[in-house]
1. Is at least one residue of region C:212-219 crowded, with 24+ Cβ neighbours inside 10 Å, more than 10 Å from every other protein chain (Cβ to nearest Cβ) and in contact with a strand residue (DSSP E or B) (Cβ under 7 Å, 6 or more places away or on another chain)?
2. With A:A365, A:A381, A:A335, A:A302 as the choices, which residue is more than 21 Å from A:Y279 (Cβ to Cβ) and at pLDDT 90 or above?
3. Take region B:14-31 and flag every residue that is facing chain A (nearest Cβ under 8 Å), out of contact with any Gly (no Cβ under 9 Å at 6 or more places or on another chain) and not hydrophobic (A, V, I, L, M, F, W, C).
4. From the list B:L120, B:L34, B:L125, exactly one residue is more than 9 Å from chain A (Cβ to nearest Cβ), over 25 Å from A:V400 (Cα atoms) and not acidic (D, E). Which is it?
5. What's the number of the only condition in (1) closer than 18 Å to C:F162 by Cα; (2) in contact with a helix residue (DSSP H, G or I) (Cβ under 8 Å, 6 or more places away or on another chain) that C:G243 fails to meet?
6. Checking the structure you have, find out if any residue of region A:182-198 is within 8 Å of chain C (Cβ to nearest Cβ), surrounded by 20 or more Cβ atoms within 10 Å (Cβ to Cβ) and either within 24 Å of A:G424 (Cβ to Cβ) or aliphatic (A, V, I, L, M) (or both).
7. Please state which one of C:R101, C:R81 is within 14 Å of chain B (Cβ to nearest Cβ) and without any contact (Cβ under 8 Å) to a residue 12 or more places away in the chain.
Amino acid sequence: MELLDIISPLFLALIVGGTFVGIVFGAIPGMTATMAVAVCLPITYSLGLENGLALLLGLYVGGISGGMVPAILLGIPGTPSSITTTFDGLPMTKKGEGEKALRIGICSSLVGGLVSLLILWLCAPLLADFAIQFSYVEKFLIILFALTVMAALSNDMLIGIFSGFLGIFIALIGTYDISDGGNGEIRLIPPGLDYWLESGFALLPVLIGLFGLAAILEEAERGVPQSQSAADVKIGSQSTFSFSVFRGQTVNLLRSGGIGTFAGILPGVGGSAASILSYSNAKTFSKHPERYGTGEPEGIIASEAGNNGLTGGALVPLLSLGIPGDSTTALLIGAFTLQGIQVGPLFIGNNPVTWDAMIVAMLIANLAMFTMMYFAIRHIARIVTVPKHILFPIILMMCVIGAYTINYGIMFDVWTLLIFGVFGWLAVKLRLEIAPFIIGFILGPSAEVYFVKSLESFNDLTIFFTKSWIAIVLWVLIIGSVAGSVALSRSRQSTTADA
Amino acid sequence: MNGLTEVTIAFETSHLVFPSLIAGVLAILGLAILIRERRSIAASGGYWRETFAKMDKLRFLGTLALTVLYFSLMVPVGNVWPNTGLGFLICSIPYVFLSGLIFLHDRGLRAVAPVAITALVAPTLVWWLFTDLFFLTLP
Amino acid sequence: MTFTRRFILAGATALATALPAAAQELPGNVRLVIGSTSTGGDTYQNSSIVADALAEKLGINIKVDAVGATEAFKALDRDSRGTTLMIFHDQSYLGNLYGVRGYQDIFENYTVGPTVAINPGNAYLVPKGSEYQSMDDILTAAENGERVRVAIQPGGVSEIGFSAMKNAARVRSEGSEENIVAVNTGSQSDKNQTLFDDLADVINGSIQANEQFTQLPEDDQKSMRFVWITARPATLEQAPEEGMGDTTRDQLLQYASPETSVTLDGEEDFTFDKEFFFLYNPEMDEAIVEQIDTALEEIYAEGEIQERQKASFFIPNFLPSDEAQEHLREKRSTYDEVISQISGDNS
């Protein structure tokens, strides 16, 4: 079959429809791109391979992009990969620049998606060969580098880093999972709670608890002041979007898209690390890192270009090693096997038409995502004008659905939501910092596996410095990032001292 | 190579390596915070009293209590009609309604009506969407 | 408020009438939990094929939920009405044999139901340039005091073949099993990576996931070669003749018993088929067990399900509950023997 035979009206409709459903899933707090793909996977059996993939890739691109909407407007990351978008997105919304922030995010998503698609198209097999140069040691260093963003995100370095390590610590509760290479033993579980905690706390419920429920509890504590809603937030009227925001951001856009792609290429690292890595990189290289976290467009650009960069990147190991780069692409394997198609190092060579069809589908999905979101944004942004007594109960209910369905029906995940909602509320009172905490929580488990496995394999601490030239490069980045954060914190202290 | 940097990890106890390391770092950082912040920690009793006094107790505690009730009832109610998601639907309607009511300041009919409509429409729509269309499991 | 209450009541009455009249049948809405958290993996695929067929046959709804082993067993424990069923594979008793947390004796604590299919893919591979041409080379190397590192995911399906290797080494020359050592890793990607990093000499893998790697030229760092496929020859013979990818069934058979022999006791060969079967709550009504058996018997007699299974490289393998129980008990006692023979050393 030729490529042109595959690109039928149905093929196009599936991509556009998939992208739309994906955006909706991504935009609902607690619903993720992974879930969108999971619920639609069975449909693809009857659609055939290329059409099925068109639908799933649309869902994937849409789902990752849609996550920015609640992240920016409500401060609740729609998907784990949009976590860093909240850091600057929500402050912009509070300044009345929600619509502008969304437009920046959408444009960055498009660029990130296209950058990664280009990389995927041009050099997938080559990159796969590069990716396998990353052993446990290099993967640990990548995670360590992503963890350095904890320092960059802290308002108070000491407390911020404490919060980050607390996040790692809490993420380790439960079983050292055999399927990640652990020994299946449990640890850190308070006596009597084995039954509940043996699987630990799931990421998504923790995320929406900390960002969704906690924020609502805080509002409730303050009596849900009504004046703040509709009248106060003038979406977009105060500062209009223009493409001039992107002036001087070309490097940031391309770098973030590239980093996102690269994070996706590394199996086991990808997923949530993509946007964290690009955010931390952007901050390290920024001329005014002190503005990050206060509503800086650069931060949104880095985060959104990074997480959409992931989409193309995660397909690299899938299509050239038969190994998924993140949880969503793991489901795509199912779509292939349902059709009896093998994915592995020979896939691209054996199935050139399917490969081209996938590239085309990704391209169209990115463009469709951009068009739909860019023109619907004015209406989407109105969500902040919905009165809180209507909006909050619905958010609470959606969070419950998200938590319950993320692992296909586990009630403890719903309780996790409440536990971390209360924890999030308390943490603010205790002056703990949520942003580093969640970064630690997300990256903690991979940091553990790669660290312990490195030592198990090489029995020597020096291996982290001597393994390869890649390790050296990573150390340079890690040191650069830490030094940047320290310098920033110093200058901040001296300005407060001067004042 | 240098004996000092050598580390041998037994697989059987490897689940404790990283947690111990992190616990150690946490302890050191925690101690540093305690020392630096000793004054404000000592004075924290007043801070909490003030927080509690300022709190809108009805809304805050009400939300918490409702949420606990909502979560606790969902599964037992759902168990009456297994695997239909009705536990979710039946519990969500009063939850959305009551929490809306709590958040509301002026509880006149004009204000309550939209809350009631939302409480009916939103859970039903969502329930239909997820159980029927997406075929997901709800309590 | 009244409005709300009336709505609930209306909904409740409507549904109460829809409840099954008799308890000895599967209810109209069944949740099928599986022992894997992946919705792209073989357990999920297999379960959804069976669930689809069963749902159609019985005119009920069946949802497959990938909650993972721990949560699946918990869900099964909670519900004896037949509204929750489970499908899992040999991991369910192997986990218990290897003493993994959360795995109880399935024959004691649950009712073992019918088997539905086999995944014949469990395999062991070496780098293409490896000096080991066959399992015999590996066992000989161990006998000669050479350390052979095998990357596995410990505690179940991935380890059983490794245990069998050690056992075969022991049968061949007492003490040489010490030279076959495990490299404990996790996912398939991790196992492959240990080979690329030269941290392992042999890895556990599968026909499906690794076949394409065996087609790469030897100078490619990623290239691999099969050394052993653990499936029974009778199972593998039922696979499609064209095999998988560019490897035909006949070629695959070269790596399985009897061509490639990993001995069990000096006479028989060790074999392992990854079989998928139902697990029920022990209190569940006997009539439901029979209902599922009968329904599956009819489904397999019609022959459509076999086509779907074969298309996804599964071997259809229906055994009704009592036969399945006997078969799996026997299988378990064989593996129990293997594991206890080699225990005492570090496995």
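1. Step one: of region C:212-219, the residues crowded, with 24+ Cβ neighbours inside 10 Å are C:212-213.
Filter once more, keeping what is more than 10 Å from every other protein chain (Cβ to nearest Cβ): none.
Within region C:212-219, not a single residue is crowded, with 24+ Cβ neighbours inside 10 Å, more than 10 Å from every other protein chain (Cβ to nearest Cβ) and in contact with a strand residue (DSSP E or B) (Cβ under 7 Å, 6 or more places away or on another chain).
2. Checking each option against the conditions leaves just A:A365.
3. Of everything in region B:14-31, those that are facing chain A (nearest Cβ under 8 Å), out of contact with any Gly (no Cβ under 9 Å at 6 or more places or on another chain) and not hydrophobic (A, V, I, L, M, F, W, C) turn out to be B:P19, B:G30.
4. Exactly one of B:L120, B:L34, B:L125 is more than 9 Å from chain A (Cβ to nearest Cβ), over 25 Å from A:V400 (Cα atoms) and not acidic (D, E), namely B:L34.
5. Against the list (1) closer than 18 Å to C:F162 by Cα; (2) in contact with a helix residue (DSSP H, G or I) (Cβ under 8 Å, 6 or more places away or on another chain), C:G243 comes up short only on (1).
6. No, region A:182-198 has no match at all.
7. The match here is C:R101.
Here is a yes/no grid of residues against (1) surrounded by fewer than 20 Cβ atoms within 10 Å (Cβ to Cβ); (2) closer than 15 Å to B:L89 by Cα; (3) in contact (Cβ under 8 Å) with a residue 24 or more places away in the chain:
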position: B:G100; (1), (2), (3): no, no, no
position: B:A111; (1), (2), (3): yes, no, no
position: B:P114; (1), (2), (3): yes, no, no
position: B:A119; (1), (2), (3): no, yes, yes
position: B:T124; (1), (2), (3): yes, yes, yes
position: B:L129; (1), (2), (3): yes, yes, no
position: B:F134; (1), (2), (3): yes, no, no
position: B:L138; (1), (2), (3): no, yes, yes
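The values are calculated or read from the model by the stated rules, or taken from the named source; none is laboratory data. As the structure is a computational prediction, the values presented were derived from the model and not from experiment. Note that each Cβ is placed from the backbone with ideal geometry, even for glycine, and that neighbours are counted across all protein chains shown.
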